[in-house]
Amino acid sequence: FETQPIPSPMSFMFHFLPKAVLRRAVDLDYFVQLYSIWMVLLPGINLFMTNLRRMGGFIQAGFMINIILSGNFAFLNHVTIIPALACLDDNCYPHWIKKYVYRSRQIGSLDQVDLSNRSKITRSFIDLCLITLIGMLSVPVVTNLLQIGGKHQVMNASFSSFKLVNTYGAFGSVGEARYEPIISVSNDGNTWVELELPCKPGNIKRRPCFCAPYHYRLDWNTWFIGFKPHQSMLQRREQWMFTLIDKILRADKKESSERPWLALLDPVSVDLLQHGSMKYAKVDMYRYEMKDPLWIIVRKWLGGEVVTWWTREYEEPLIRPVQMHNSNLAYANI
């Protein structure tokens, strides 16, 4: 919970749960994703099988809601709930919802919806075609999953031109510690002001935000730089950091509409850049740790105390001070 891309205030509750509870959470993860997942595929040939399928849908949706509560994971878990809803037939929903739907469709119940034999045959044929297509496209995916042929398993890979069935692993690797790149700007090279992004940790006294299912892409990309070695991540896949610094140092007092990239920053940082250009910029790495559980933070807040959400410790420079020289970024001699 501490090392996820964008923690929310609720993350400070989950992170400090007793170790015994968190160990059971791993068991729950296995139960949901390995054992109960097959329940969603059961045919509703009788009431018992139908109830098992409904239970599978509730388990999957409930598990996703639990993850949603634990932090900001963009739209990942919200979208994952949608397939689980296919397991829930009309009888799973409250009477008032069914009554509203029936009224909008001008029917008394689904029993009044009578499909012709031709419609049923057509639907069955389409379902069979889809199942066959997905089954054929899943062969290399399953081969990769089981590492058949001695090949190592790959994540986030596609195996066909249309990329219809793929391997996907969200957070296949998560760091044991949280490292944050902090961008600072200065006019004289002595006094530095840190720039903030909308949701990622920066100011240790700023409350974490609730933003899911909205996706702050820059905040998420910054999280990847926190993986060690930081310089390797910066030079290989996160070179956009140099582009951002270039834009910051080129900034003048133009309107925000002429600099749309300002929307990537926190409003306080936007206001700072709008009131003057900066001569120098640098990026430093800090290690962040959650300071207190949520219940202690709430108690302090109710008592009128100043709340500190994070503690941090300087780690290393990521990009040493730079400035614009002949319209290009260059290291500054300060």
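Please treat every number below as a calculation from the coordinates, not as lab data. As the structure is a computational prediction, the values presented were derived from the model and not from experiment. All Cβ positions, glycine included, derive from the backbone under ideal geometry; neighbour counts span all protein chains shown.
Report, in deg cm²/dmol and to the nearest 500, the calculated mean residue ellipticity at 222 nm for the chain, where each DSSP H run with n ≥ 4 adds -39500 (n - 2.57) and the sum is divided by the residue count. Please list the in-between numbers first.
On the way: 11 runs with 134 residues, N = 334.
Mean residue ellipticity at 222 nm (helix-derived): -12500 deg cm²/dmol.
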I need the helices of the chain that pass two filters: whole DSSP H segments spanning 24 Å or more by Cα along the axis, and mean Kyte-Doolittle score no lower than 0.0.
47-70, 117-146
Listed by chain and number, the residues whose amide H is under 5 Å from that of Glu315, excluding neighbours fewer than 5 places away on the same chain and using placed H, are Met285, Tyr286, Arg287
Alpha carbon centre of the stretch 51-70 versus the stretch 140-217: separation in Å?
25 Å
Everything considered on the Cα gyration tensor (a ≥ b ≥ c; rounded for a/c under 1.5, else prolate if a/b is larger than b/c, else oblate), the stretch 1-159 must be described as oblate
Column: log10 I(q)/I(0), Debye, Cα scatterers of the stretch 198-277, q = 0.20 Å⁻¹
-1.06
Expressed in nm to one decimal, what extension gain is obtained for the pair Ala177 and Ile148 from 0.36 nm per residue of sequence separation less their Cα-Cα distance?
7.1 nm
Between Leu22 and Asp271, what FRET efficiency comes out of the Förster formula 1/(1 + (r/R0)^6) with R0 = 45 Å and r the beta carbon distance, rounded to 0.05?
0.65
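For the stretch 177-334, go through all pairs of different Cα atoms, get the mean of 1/r, take its inverse, and jot down that Kirkwood value in Å.
Details: mean 1/r = 0.0594 Å⁻¹.
About 16.8 Å, per the Kirkwood formula over Cα pairs.
Subtracting the Cα-Cα distance from 0.36 nm times the residue separation, let me have the gained length for Asn326 to Ala86 in nm, one decimal. Write down the numbers at each step before the final one.
On the way: separation 240, 0.36 × 240 = 86.40 nm, distance 5.96 nm.
Once the chain is fully extended between Asn326 and Ala86, it gains 80.4 nm.
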Under the 7 Å Cα-to-Cβ spin-label approximation, Val306 and Asn66 lie apart by a distance in nanometres of 3.9 nm
Take Ser124 and Phe227, extend 7 Å from each Cα along the Cα→Cβ direction, and tell me the distance between the two endpoints in nm.
4.8 nm
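Report the full-extension gain for the segment Arg299 to Leu76: residue separation times 0.36 nm, less the Cα-Cα distance, to one decimal in nm.
Details: separation 223, 0.36 × 223 = 80.28 nm, distance 3.21 nm.
Stretched out fully, the Arg299 to Leu76 stretch lengthens by 77.1 nm.
Quick check: from the Cα gyration tensor, does the stretch 281-326 come out rounded (a/c under 1.5), prolate or oblate?
Cα axes put the stretch 281-326 in the prolate bin.
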For the chain, what size does the Cα cloud have along each of its three principal axes, sorted from largest down, in whole Å?
79, 55, 46
How do the peptides 238-248, 322-332 rank, highest first, by the average count of neighbouring beta carbon atoms within 10 Å per residue?
238-248, 322-332
